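To start, the structure itself, in structure tokens.
Bear in mind that the values in this text are calculations on the coordinates, not laboratory data. Since the structure is predicted, the reported quantities are computational estimates derived from the model, not experimental observations. We place every Cβ from the backbone using ideal geometry, glycine too, and count neighbours over all the protein chains shown.
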């Protein structure tokens, strides 16, 4: 079981990084809007998994995206940030009981899933664009990019989850 | 001691988060300043290799247009050669034996970005092809940027669409100099600042590189003036420039090596030291 999880995580990591850097970083819808699907790795990490490991893996994930995108450490910072606040967001969106259940993200009901995903996407994008633009004069641009890219990422993440979830019912 | 250990264990997630976040923040800060982005860049074997595979595939989709661009450029050069022959008919010099101050290396763009505030390209040429840091990069239509990092097979370019980029530029007609910067708003429009108020600025005029630095030769095309306004200090203009290059769609570029740059730099440093 443990080695199975290890393989799933490795596979997901590599596939998501490749999809992000080869395909999604070059969409540039309306000039600047790109979806960031790779945070799916952080979203799908087992809910009862080790958090320190998640923070470290998120750092590696973000850093890989940064190396391909020549963007310093902005993705790494944003990923580490959402990995760290993930337990809080989980508690907020799923209620206190999530720690005791072995929930999987496909089994959560739609409303809770939407809250969880949208909060994670918003926090990730805000940190990302704050660091990327790095100028308080352009705060409007930060918010605008966060909103538009966020909507794009959110739709893509939600549809990816529904496409790849096993029909357990 | 036990209490410190206990504290560390209890807060291990927060400490891990803090350390990793600070590392990423420092990397971000470095990427915002020119020439310090040494470790995290796409001029390495793994990402360069993956980008090469990608551009090998995606390059086929643009072949027709790229051919057209090359043909256009050839026609331009042919006209140029013809006009030069008209000037001096009895000299038939083999152009390969002409000594030139500049050496050109062709390269393919394997990764391009233009939607960020600090944009970079990755090229498929590196130190093996005599590519060095600080060489200029142009395309057949005009200015592209400056080499920022090199590995043995790849190089990254700081393009003019970057808030760190400052390139010496002049008006083609009047030889007034200014600095080319970018306000991050539109990938086809860059800004030319510090043009003195005395300069005769006309919408539609061409701007070229100034030749004041050792990186670019004089007279490489950049774009035409779109509009202009006078600064608050009433002494200088800020010009919006429409680029000739479509920076969102670069495929083949040339790297310019100024063979005299070492000598010029040595001379300039000698003057600095003498002061």
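Could you work out how far the C-alpha centroid of the stretch A:110-169 sits from that of the stretch A:16-74, in angstrom?
One Cα centre to the other: 12 Å.
Run the numbers for residue B:12 and residue B:189: contour at 0.36 nm per residue of separation, minus the present Cα-Cα distance, in nm. Present the calculation step by step, with values, prior to reporting the outcome.
On the way: separation 177, 0.36 × 177 = 63.72 nm, distance 4.81 nm.
Here the answer is 58.9 nm.
Grab the beta carbon distance between residue B:174 and residue A:147, set R0 = 45 Å, and tell me the FRET efficiency rounded to 0.05.
On the way: r = 44 Å, r/R0 = 0.99.
Working from the Cβ atoms, E equals 0.50.
Using only Cα atoms, tell me the angle between helix B:45-58 and the longest principal axis of chain B; keep it within 0 to 90° and round to the nearest 10.
50 degrees
Mind sorting B:122, B:248 by how few other Cβ atoms lie within 10 Å of their own Cβ, fewest first? Show your work: numbers first, answer last.
On the way: B:122 27, B:248 15.
Going from sparsest to densest Cβ surroundings: B:248, B:122.
To test your reading of the geometry: what angle, between 0 and 90 degrees and rounded to tens, separates the Cα axis of helix B:12-31 from the longest principal axis of chain B?
Tilt of helix B:12-31: around 10 degrees.
Quick one: order B:156, A:146 by neighbouring beta-carbon count within 10 Å, fewest to most.
On the way: B:156 24, A:146 20.
In increasing order of surrounding Cβ atoms, one gets A:146, B:156.
Say R0 is 56 Å: what FRET efficiency, to the nearest 0.05, do residue A:109 and residue B:103 get from their beta-carbon distance?
0.30
For peptide A:74-82, what's the mean number of Cβ atoms from other chains within 10 Å of each residue's Cβ?
Numbers: counts 8, 2, 8, 9, 2, 3, 10, 4, 0.
Going residue by residue through A:74-82 and averaging, the value is 5.
If you fit an axis through the alpha-carbon atoms of helix A:2-18 and take the longest principal axis of the Cα set of chain A, what angle between them do you get, 0 to 90°, nearest 10?
Between the helix axis and the principal axis of chain A, the angle is about 20 degrees.
Shielding of B:11-17 by partners, i.e. mean partner chain Cβ atoms within 10 Å per residue? Write out the running numbers ahead of the final one.
Numbers: counts 0, 3, 8, 2, 1, 10, 11.
Neighbouring Cβ atoms belonging to other protein chains average 5 per residue here.
I'd like the mean, over residues of A:58-71, of how many other protein chain beta carbons sit within 10 Å of each residue's own Cβ.
Values: counts 2, 7, 1, 0, 2, 5, 2, 0, 7, 8, 10, 8, 20, 12.
Rounded to a whole number, the mean comes out at 6.
Take B:151, B:117 and order them by how many other Cβ atoms sit within 10 Å, fewest up front. Before the final figure, lay out each step's value.
Details: B:151 17, B:117 21.
The order, fewest Cβ neighbours first, is B:151, B:117.
Want the number for residue B:213 to residue B:232: 0.36 nm per residue separation, take away the alpha-carbon distance, what's left?
Working: separation 19, 0.36 × 19 = 6.84 nm, distance 2.85 nm.
Gain on stretching residue B:213 to residue B:232: 4.0 nm.
What is the spin-label model distance, in nm, from residue A:156 to residue B:248 if the labels are put 7 Å beyond Cα along the C-beta direction?
Modelled inter-label distance: 1.7 nm.
Apply 1/(1 + (r/R0)^6) to the Cβ-Cβ distance of residue A:27 and residue B:64, taking R0 = 30 Å, and write down the FRET efficiency to the nearest 0.05.
On the way: r = 23 Å, r/R0 = 0.76.
Calculated value: 0.85.
Compute log10 of I(q)/I(0) for chain A with the Debye formula, placing one identical point scatterer on every Cα and leaving out solvent, at q = 0.10, 0.11, 0.13, 0.16 Å⁻¹, to two decimals.
Treating every Cα as an identical point scatterer, log10 I(q)/I(0) equals -0.36, -0.44, -0.62, -0.95.
For the stretch B:101-275, taking Cα atoms only, what is the radius of gyration to one decimal and the Dmax to the nearest whole Å?
Over the stretch B:101-275's Cα set, Rg and Dmax evaluate to 16.4, 50 Å.
Taking the Cα atoms of the protein assembly as shown alone, what are Rg (to one decimal) and Dmax (as a whole number) in Å?
Computed over the Cα atoms of the protein assembly as shown, radius of gyration and Dmax are 25.8, 93 Å.
Is the stretch A:12-91 rounded, prolate or oblate when judged by the Cα gyration tensor, a ≥ b ≥ c being the square roots of its eigenvalues, rounded requiring a/c under 1.5 and prolate requiring a/b larger than b/c?
Details: a/c = 1.95, a/b = 1.80, b/c = 1.08.
In terms of gyration-tensor shape, prolate.
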